[in-house]
Amino acid sequence: MSLLRLSGVTAFYGAIQALRGVDLEVNEGEIVTLIGANGAGKSTLMMTVCGQPQARDGAIIYDGEDITRLPTHAIMRKRIAQSPEGRRIFPRMTVYENLQMGAEVAGNVDFAALLEQVFSLFPRLKERVHQRGGTLSGGEQQMLSIGRALMSRPRLLLLDEPSLGLAPLVVRQIFGAIRELNRSTGLTVLLVEQNAFQALRLADRGYVLVNGGITMAGKGAELLARPEIRAAYLEGAH
Amino acid sequence: MKSALRDAVLSALVALRPVPVAIAVAAVFVGRLLLLAWRGRSRAAARHANRAFAERLTQAGKYVAPLLLIVALAVPLSGDRYYLHLGILVMTYVMLGWGLNIVVGLAGLLDLGYVAFYAVGAYSYAIISTTYGLGFWTCLPIAGILAAIWGIMLGFPVLRLRGDYLAIVTLAFGEIIRIVITNWVSLTNGPNGISGIPRPTLFGLKFTPAGGPGSFSDFFHLPPSPTWRAVYLYYVILVLALLTNWVTLRLRRLPLGRAWEALREDEVACRSLGINVTVTKLTAFAIGALFGGFAGAFFATRQAFVSPESFTFIESAIVLSIVVLGGLGSQLGVALAALVMIGGFEVFRALADYRMLVFGAALVLIMVLRPRGLVAGRTPTVALGRKREISAELVAQGRG
């Protein structure tokens with residue numbers, strides 16, 4: 001059963017069209033990745049799911065409910081969590097306070113248990129719990145951003161470029177954590193990535209976005225094997 | 001050619017205006033010297049000194065707040081009405097500072113029109129009490145609520161604005177309120193203001209300077225004196241200010257207060273966490289305005305007279321300076337800054353015409369030495385075990 005389904009979604013920034021009739025499906029318990037070049041509309045797609053910008057045409061169905069016209073905060077309260085591009089942690093608040101902000105939506109139910117889950121996934125955060133968010137390293141900030149998203153007990157986790165600007169070793173750690181989460185809790189993940197190789201290896205299925213439209217879709221391993229994908233996104237990298 | 005022209009102009013200047021030229025030269029000389037001396041201080045040493053100072057201040061902070069409170073409670077013991085009136089003035093600004101601190105310090109919404117809510121509170125009390133004959137304690141909540149409603153009305157159009165743009169609109173809002181008050185003569189009596197506003201009573205006991213039946217001094221068999229009213233007013237504003245402080249401190253620990261702080265940090269992240277940014281901003285404006293309205297009602301009852309002149313932009317500017325000078329988001333800092341700004345202004349009275357100059361220089365000096373405000377650190381709202389202050393070094397300039 002699909003947890004999230006986009007059909008014919010278009011989005012605009014003023015007069016500029018960023019998404020051209022995107023169809024996409026994320027099934028429960030899957031890791032789905034969205035790859036594409038700079039400016040292809042990957043982040044826009046993710047933000048449109050969150051209602052910012054709202055889709056002009058088409059429908060976004062989450063768990064059988066049309067969320068296309070809901071305001072952002074209402075969407076985010078339906079157990080969808082996002083780790084936005086550029087991490088966007090609260091730099092002057094402590095790690096603990098950041099995680100607390102994440103749990104606010106879920107009404108702080110099971111706060112201690114969730115905190116323990118996040119700490120066991122990212123032990124680094126436990127060491128830094130009193131530190132101010134802005135003093136963390138890039139990788140730690142990314143962990144905090146994902147941890148904060150997990151504090152709201154999401155069913156669907158949206159990850160926008162978690163590998164951005166991180167060392168390969170840290171990227172592997174973070175992708176490992178995502179896989180572990182997916183396996184142990186059945187968390188559904190929609191992952192936007194430029195790092196096509198890593199993302200496709202991790203994902204069950206993948207979509208390729210070019211100029212605001214989906215051009216290819218398929219199993220992660222299949223996409224990885226396709227020559228045109230290799231040529232466009234993988235050659236010369238990694 | 002050019003140098004010849006310059007020489008000619010300079011010699012003409014010296015010949016025509018020797019004294020101002022000499023002063024200008026002296027000023028540049030001394031200023032340059034001071035600048036060199038200032039730069040001469042090693043940067044690292046300066047930073048180290050600053051951090052040590054902050055550390056000491058944090059330690060002292062534990063004692064400063066209770067000490068200030070004790071001093072504040074004891075002010076009426078002096079029995080000197082000059083100090084009482086000064087105390088009332090300072091406490092009014094402490095309260096305004098704490099009220100604005102919610103909007104600017106916690107929620108990070110730069111509000112240059114805070115005086116509008118002060119005016120709404122003052123005029124609400126003035127009009128309601130003179131028209132319907134209601135007392136201060138009945139009108140106080142009404143004045144606060146009316147101001148809060150105006151706060152929400154200001155909040156709606158500026159929901160999408162941030163930073164400088166927000167500041168301009170709030171500035172205009174403050175001016176609009178003042179101009180409306182000046183011109184709506186049938187309601188506000190225009191520039192002449194409203195006089196004969198009732199004074200506050202203590203459970204129905206009046207504070208008349210001459211005593212007489214039904215007065216405070218008569219009831220308690222005390223010698224009639226105008227000091228009693230000053231003492232009473234002082235304690236009223238002290239209680240109102242402490243109420244503001246208490247509410248703010250409680251709110252900071254609640255989801256709403258945390259949402260304010262998160263909003264100040266990153267609005268987009270707030271949205272992605274399911275926080276209703278609209279509600280969060282409007283509550284910040286409303287609660288900030290509520291306390292501004294309370295302070296306004298108090299102002300009206302203290303003066304027994306209100307006119308538009310009391311609500312000019314300079315009031316907003318003073319309150320905002322108190323908040324910035326004290327350190328955005330810091331309750332103790334705001335109290336200290338109000339004491340320095342309002343009390344300090346009185347201290348410099350002996351300097352007559354140079355008062356503004358010295359005062360301005362003092363402000364500049366404080367901002368140079370402590371650019372993030374007097375008390376710039378941020379205390380986390382929650383901690384496991386030991387509470388650690390987030391040092392001023394790590395708090396962004398001009399923000400909480």
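The values are calculated or read from the model by the stated rules, or taken from the named source; none is laboratory data. As the structure is a prediction and not an experimental result, all values here were calculated from the model. Cβ sites come from the backbone with ideal geometry, for glycine too, and all protein chains shown count toward neighbours. The area values use the complete protein model at the heavy-atom level, side chains included, leaving out ligands, DNA and RNA. Shrake-Rupley method; radii C 1.70, N 1.55, O 1.52, S 1.80 Å.
Below is a table of values for the structure above.
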read-out: Per-selection metrics, segment A:87-154 (Cα): Rg and Dmax in Å; value: 10.4, 29
read-out: Exercise: per-residue mean of other protein chain Cβ atoms within 10 Å, A:97-105; value: 5
read-out: Percent of beta bridges antiparallel (DSSP, the protein assembly as shown, rounded to nearest 5); value: 55
read-out: Apportionment of accessible area to carbon and sulfur, chain B, percent (1.4 Å); value: 70
read-out: Shielding by partners - mean other protein chain Cβ count within 10 Å, residues of A:71-82; value: 4
read-out: Under 19 Å from A:LYS126, Cα to Cα: aspartates and glutamates that are on another chain or at least 8 residues apart; value: A:GLU97, A:ASP110, A:GLU116, A:GLU140, A:GLU180, B:GLU389
read-out: Share antiparallel - DSSP beta bridges, chain A, percent rounded to 5; value: 55
read-out: Per-peptide average of other Cβ atoms within 10 Å, ordering B:69-80, B:317-328 highest first; value: B:317-328, B:69-80
read-out: Whichever aspartates and glutamates have a C-alpha closer than 17 Å to that of A:LYS42, once near sequence neighbours (fewer than 8 apart) are set aside; value: A:ASP23, A:GLU25, A:GLU85, A:ASP160, A:GLU161, A:GLU193
read-out: Cα-centred dipole magnitude for segment B:82-394, charges only on beta-carbon of K, R (+1) and D, E (-1), debye, nearest 20; value: 700
read-out: More than 41 angstrom apart: percent of Cα pairs within the protein assembly as shown; value: 43
read-out: Anchor B:LYS281: aspartates and glutamates whose Cα lies under 15 Å away (excluding residues fewer than 8 positions away in-chain); value: B:ASP111, B:GLU261, B:GLU265, B:ASP266, B:GLU267
read-out: Total accessible surface hidden between A and B, rounded to 100 Å², 1.4 Å probe; value: 2600
read-out: About the Cα centre, charge dipole magnitude for chain A (Lys/Arg +1, Asp/Glu -1 at Cβ), debye; value: 360
read-out: Of the trypsin sites (Lys or Arg not before Pro) in segment A:42-122, those whose Cβ has at most 15 other Cβ within 10 Å and which sit in DSSP loop; value: A:ARG56, A:ARG69
read-out: Per-residue mean of C-beta atoms belonging to partner chains within 10 Å, peptide B:255-263; value: 3
read-out: For segment B:82-394, projected area of the alpha-carbon convex hull averaged over all directions, nm²; value: 18.7
read-out: Cβ-based net charge around B:PHE313, under 14 Å, with every Lys or Arg adding one and every Asp or Glu removing one; value: -3
read-out: Surface per residue (accessible, 1.4 Å probe) for the protein assembly as shown, Å²; value: 47
read-out: Cβ crowding within 10 Å averaged over residues, with B:232-245, A:173-186, B:296-309, A:206-219 ranked highest first; value: B:296-309, B:232-245, A:206-219, A:173-186
read-out: Using alpha carbons only: equivalent-ellipsoid semi-axes of segment B:192-241, gyration tensor based, whole Å; value: 20, 15, 10
read-out: Distance cut-off 28 Å, percentage of C-alpha pairs in chain A lying past it; value: 29
read-out: Solvent-accessible surface (1.4 angstrom probe) belonging to A:GLU104, in square angstrom, nearest 10; value: 30
read-out: Protein accessible area in chain A, 1.4 Å probe - carbon and sulfur %; value: 49
read-out: Residues in segment B:264-280 occluded by at least 10 Å² - accessible area, probe radius 1.4 Å, against chain by itself; value: B:GLU265, B:ASP266, B:VAL268, B:ALA269, B:ARG271, B:SER272, B:LEU273, B:GLY274, B:ILE275, B:ASN276
read-out: Spatial separation of Cα centroids for segment B:62-98 and segment B:257-316, in angstrom; value: 23
